[in-house]
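Taken together, the values in this text are just the output of simple stated rules run on the coordinates, not laboratory data. All values derive from a computational prediction rather than experimental measurement. Virtual Cβ from ideal backbone geometry, glycine too; neighbours counted across all protein chains shown.
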Amino acid sequence: MASEVVIIGGGVAGLSAAHELVRRNYSVRVFERELVPGGKARSFPAKHNASESVQGLPSEHGFRLFPGFYRHIRDTFSEIPLPGGGSVLDNLIEVPHAWMASIDGASAEFPNTVRPRTPGEFQDYTAQVNEGLQLSSGDLFYFFLKIWQFAASCDARRMAEYEKIGWWEYIDAANQTAHFRDTIGSLVRPLVAADPRKASTRTMGTIVLQMFLSHMSLGEGVDGADYVLNGPTNDVWIDPWVEYLKGLGVEFNVGCQAEGFEVDKKTELIEAARVRFPDGKLRRIKGDHFIGCVPVEVINSLINDDMRKIDPSLAALGTLQKHTEWMTGVQFYLKRPPRKFSGHTIFLKTPWALTAVMQVGLWRKGDVPQWLNGRDDVREIISVCVSDWNRTGKFIKKKARDCSAEEIAEEVWKNMEVAYNGDGETNVEWSDVIGYAIDPALNIPGDAERAGGAETTNASPLLVNSKNTWSLRPNAYTRIFNFYLASDFVRTNTDLATMEAANEAAKRAVNAVLAFDHRERFSCEIYPLSEPWLFNRIKKWDQERFEAGFPWMMDFEDAAGSFFWSPLRSIMSTVSEPLLDEMLIKSTPGATAARLRDFESRRRWD
């Protein structure tokens, strides 16, 4: 008889766990509090927090992005069949263009499909991208040096040193130019909602490096760093997935709120989950294995003292859940697409840290009328993420979390309007807007409620990787041997709260189930984040330095050879030699020439 697995949560992690388990002949039951599976990834008809003029049109939590280094979720995509043939992987397309647009008026396009292959090509590409950033040659070179430092640091140094410092400290932002701080220093906020002063350098450096390698086609994944789905998420991914899993026998229970677990104190195993069904009745759900596939603040509310006694590491979830931010979306429905911009946009220097994607232009043309409910007046949907809800807006002098829905939409649009129209052309204007929809996870009080002390709340906060929090994060397995965790807060190679991390965490949890049942030969494949083999030599050298107690040192020509050093010199050929030498000297703080010579005399290559 097949083992029964109870999955709490039907988001990407829950669906991924169900997918892997049912294909290995487990009996799977999924319990999801919403009426539609998919979690943060799902799309839904605009209704709550939406203009009357756009009711029923597709809306979502925020824009989607699937970089080339996402390998776990691509594997799952390839295994989800589509009704007309093929797989969900066929619905993933590369975004041809992306933009940086600043409220200072500058903007620059960078074509995602260009793959620089030579130092000269990379220099030209960097110059084009820097039209938007408008960094000085010194600022740009310094940024490359810091990325190189991370790439050339061994894994042990990344964990021991970079995990403990914030991104702001790592790039020494306080001592850089104001423009550098406003662009490079603050870039992690719009991209992953992280406060650059608190964000783990190990995590941020890893993701920046992986995005760079994907774009340069130097990683193990798919070439390119910017992919999206070619339609509303539920239509082209979640709905086919759920139907496929139902066909394999997965039982879905929606509108069901988990309220806790019951522990058998003799066996120290989970005996049942307590779940409240839509009819209001609380039921005990028994099973052989239990997987928590919900956000950290939810799973922490379900774990009781009996469970913490068996596995004391679960107590750390209470601290971990404090490291969350809001990163959620606003959709604008337009009568016409912007005249110039398409694809993704990062809005530089916006107080609320905005990013966006133009959706309809990337959707399958033949299905657009159906997805838009036959409305021919909607020509584009701009899906925007607001990633800083605690700063005062540029136009409406309030924090985002203190604004009404109308004020949120107004502030976001005015920032985009300034950025998009900064080249002197009228690319967008308010008269183009048919209506807007704000993520229904936000409970925005009315004026009377706010006057009574009510505040905006968010039912779907996002875990951010703050410095020195790796030790707080659990593995997918626990000391309660039939209880597992699968969510984006679990320790993974991906190490960022993303759909990829949720999928990887689910596969790790499934592997733990298989190990418990002595079926390891059927384990899911877990991919490491790959870096080019050419880095191995310099990282090995840094490993020896780290073990000897030395700081990181930039010694390109000796440790890496001219392969790395000469291209970087040519890319930044406008930087003066004195400035270059000063940066090289600054890269080896605290190390005396004598100690370095002594170390070099003992260094050997295998």
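Look at where the Cα atoms of region 294-319 and of region 125-147 average out, and the two centres are 44 Å apart.
Three principal axis extents of region 389-531 based on alpha-carbon atoms, in descending order, are 62, 44, 32 Å. In vacuo Debye scattering of region 15-96, one point per C-alpha: log10 I(q)/I(0) at q = 0.22 Å⁻¹? For region 15-96, the Cα-only Debye profile gives -1.25. For the chain, relative contact order (Cα pairs under 8 Å, six or more residues apart, normalised by length) works out to 21 percent. Restricting the calculation to alpha carbons of region 44-190 gives Rg and Dmax of 20.2, 57 angstrom. Scaled to the globular estimate 2.2 N^0.38 Å, the Cα spread of region 477-545, given as radius of gyration, is 1.41. In this structure, the amide hydrogen of Ser43, modeled 1.01 Å from its nitrogen in the peptide plane, lies closer than 5 angstrom to those of Thr233, Asn234, counting only residues at least 5 positions away or on a different chain. Peptides 533-544, 53-64 ordered by packing proxy, namely the average of other Cβ atoms within 10 Å per residue, highest first: 53-64, 533-544. Taking amide H atoms as placed 1.01 Å from N in the peptide plane, the amide H of Thr328 lies under 5 Å from those of Val386, each 5 or more residues away in sequence or on another chain. For a straight C-alpha distance cut-off of 22 angstrom, the lysines reachable from Lys394 (same-chain residues fewer than eight places away being disregarded) are Lys349, Lys414. Taking only the C-alpha atoms of region 300-385, the Rg (one decimal) and the largest Cα-Cα distance, Dmax (whole number), read 21.2, 61 Å. 3J(HN,Hα) along region 390-406, derived from phi through the Karplus expression 6.51 cos²θ - 1.76 cosθ + 1.60 where θ = phi - 60°, amounts to 10, 10, 6, x, 6, 10, 9, 7, 9, 5, 4, 6, 9, 8, 6, 4, 5 Hz, with x in place of Gly and Pro. Any chance you could check the Cα centroid distance between region 391-428 and region 203-250 for me, in angstrom? Going from one Cα centre to the other spans 30 Å. Taking all Cα-Cα distances within region 60-112, those exceeding 15 Å account for 64%. The percentage of C-alpha pairs in region 358-407 whose separation is greater than 19 Å is 48%. Take region 142-288, drop everything but the C-alpha atoms, weight them equally and run the Debye formula without solvent; then report log10 I(q)/I(0) at 0.15, 0.17, 0.21 Å⁻¹ to two decimals. The computed values of log10 I(q)/I(0) come out as -0.90, -0.95, -1.21. With only the Cα atoms considered, region 168-241 has a convex hull volume of 140 Å³ per residue.
Its convex hull of Cα atoms gives the chain a direction-averaged projected area, equal to a quarter of the hull surface, of 29.9 nm². Straight-line reach from Lys322: taking Cα to Cα under 18 Å and skipping same-chain neighbours fewer than 8 places apart, the lysines in range are Lys164, Lys198, Lys467. Sequence-distant contacts, meaning Cα pairs under 8 Å at least 6 residues apart, place the relative contact order of region 387-536 at 12 percent. Descending by average beta-carbon neighbour count within 10 Å, the peptides 69-82, 18-31 line up as 18-31, 69-82, the highest first. Taking the Cα centre of the chain as origin and assigning +1 to Lys and Arg Cβ atoms and -1 to Asp and Glu Cβ atoms, the resulting dipole is close to 1180 debye.
Restricting the calculation to alpha carbons of region 217-331 gives Rg and Dmax of 19.0, 54 angstrom.
A simple rule links phi to the HN-Hα coupling: the Karplus curve 6.51 cos²θ - 1.76 cosθ + 1.60 with θ = phi - 60°, which for region 53-60 gives 6, 10, 4, x, 6, x, 9, 6 Hz, with x for Gly and Pro.
Each residue of region 311-317 was assigned a 3J(HN,Hα) from its phi angle through the Karplus expression (A = 6.51, B = -1.76, C = 1.60, θ = phi - 60°), giving 10, x, 5, 5, 5, 5, 5 Hz with x at Gly and Pro.
In terms of packing, defined here as the mean over residues of other Cβ atoms within 10 angstrom, the peptides 167-175, 121-129, 379-387 line up highest first as 379-387, 167-175, 121-129. Overall dimensions of region 113-160, expressed as equivalent-ellipsoid semi-axes from the Cα gyration tensor (√(5λ), whole Å, largest first), are 25, 15, 9.
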